[in-house]
Amino acid sequence: MTKSTLFLEEDFDLAKAWETAQKVALSAGEILKEWWPKTKNVSLKGMDDIVTNVDIESEQYIREELGNYFPEHGIFGEEESGVDPQEGYVWIIDPIDGTRNYAWGIPFFSLVIALAKDGEILTGVNYDPLHNEMFHAAKGKGAYLNENQIKVSRMQSLEGSILGMDLAYDDEKGTVDTLGVATKLWPRLKTTRIMGSSALGLSYVAAGRTDIYFHHQLQPYDQAAGLILVEEAGGVVTDRQGIRAGLYSDGIIASCSPLHEDFMKETKFFAWRKNSNKLA
């Protein structure tokens, strides 16, 4: 049975969106591969972020393609922003998640395309073009890596678990607090990984490669695909207070339910668990 046949007649448009997101991601991935590992034009964006010419070219391509398929939908991207991603049907784009890795020749990055309706993710794709790995999901239809369905790990506690995380690049206290979590949990963990790509960090949880991932603060385009991937893979994604995560959540924690519960209990009094006051 193909994934298309999983859909009933009434949600045909969702099937089209799911398939289109994958198709566009594959083509956009060719842009990233074409420039890899060539020298890129790198410039500062904000106080402590960078953008390359490939980010811009990739986003422009994705915008044009999605606009051709779904002219009635809005688009919200990392490089050009756009409409409010919490109102109506909106495509959310990150043309390169892990731009620092990409710019500096570290082969760990991806691109994100997701569709939201009134802020709820309907379908999401996270594509790693170098490794030809397409993580994708649609609401109520499961999560997949290429053609194979994926599930989160069954780890019941922090004991022996693999924890993924990333640092709060523009927030010194957030970075210190994040490292504090890893340091205090270390005796119970099998290992820790700083991913360099939050989209892949969440996708790896969905695929059961890592057991849990947390981040101090993400933007909608960083986590849009990851939210639906983890949930459709049987996991939970919440903010730092344990409330189901959305596009503008204050922090993010993703894992299977028992491990999430243990993380919340163990970190209850950690500085990282306090509100960041950086909500959009």
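Being touching a Gly at 6+ places or on another chain (Cβ under 8 Å) and surrounded by 24 or more Cβ atoms within 10 Å (Cβ to Cβ) holds for only one residue in Leu200, Leu189, and it is Leu200.
Restricting attention to the stretch 64-73, the residues being out of contact with any helix residue (DSSP H, G or I) (no Cβ under 8 Å at 6 or more places or on another chain) and either buried (at least 19 other Cβ atoms within 10 Å of the Cβ) or within 27 Å of Ser43 (Cβ to Cβ) (or both) number 2.
Matching residues to (1) at pLDDT below 95; (2) within 25 Å of Asp49 (Cβ to Cβ):
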residue: Leu167; (1), (2): yes, yes
residue: Thr178; (1), (2): no, yes
residue: Glu231; (1), (2): no, no
residue: Ile243; (1), (2): no, no
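Condition (residue is out of contact with any Ser or Thr (no Cβ under 8 Å at 6 or more places or on another chain) and farther than 16 Å from Val237 by Cα) applied to the stretch 196-204: is it met by at least one residue? Scanning the stretch 196-204 turns up at least one residue that is out of contact with any Ser or Thr (no Cβ under 8 Å at 6 or more places or on another chain) and farther than 16 Å from Val237 by Cα.
Flag not set for Lys40, criterion: surrounded by 15 or more Cβ atoms within 10 Å (Cβ to Cβ), under 17 Å from Met134 (Cβ atoms) and modelled with pLDDT under 90. The set of residues in the stretch 57-76 being touching a residue at least 24 places away in the same chain (Cβ under 8 Å) and either of a type in the set (Gly, Ala, Ser) or under 11 Å from Thr99 (Cβ atoms) (or both) consists of Ser58 alone. In the stretch 193-214, the residues that are not assigned by TED's automatic domain parsing to the domain that holds Leu227 form no Cβ pair under 7 Å with any partner that is assigned to a helix (DSSP H, G or I), whether six or more places apart or across chains.
The values are calculated or read from the model by the stated rules, or taken from the named source; none is laboratory data. Just so we're clear, the structure is a prediction, and the values are computed from it rather than from any experiment. Note that each Cβ is placed from the backbone with ideal geometry, even for glycine, and that neighbours are counted across all protein chains shown.
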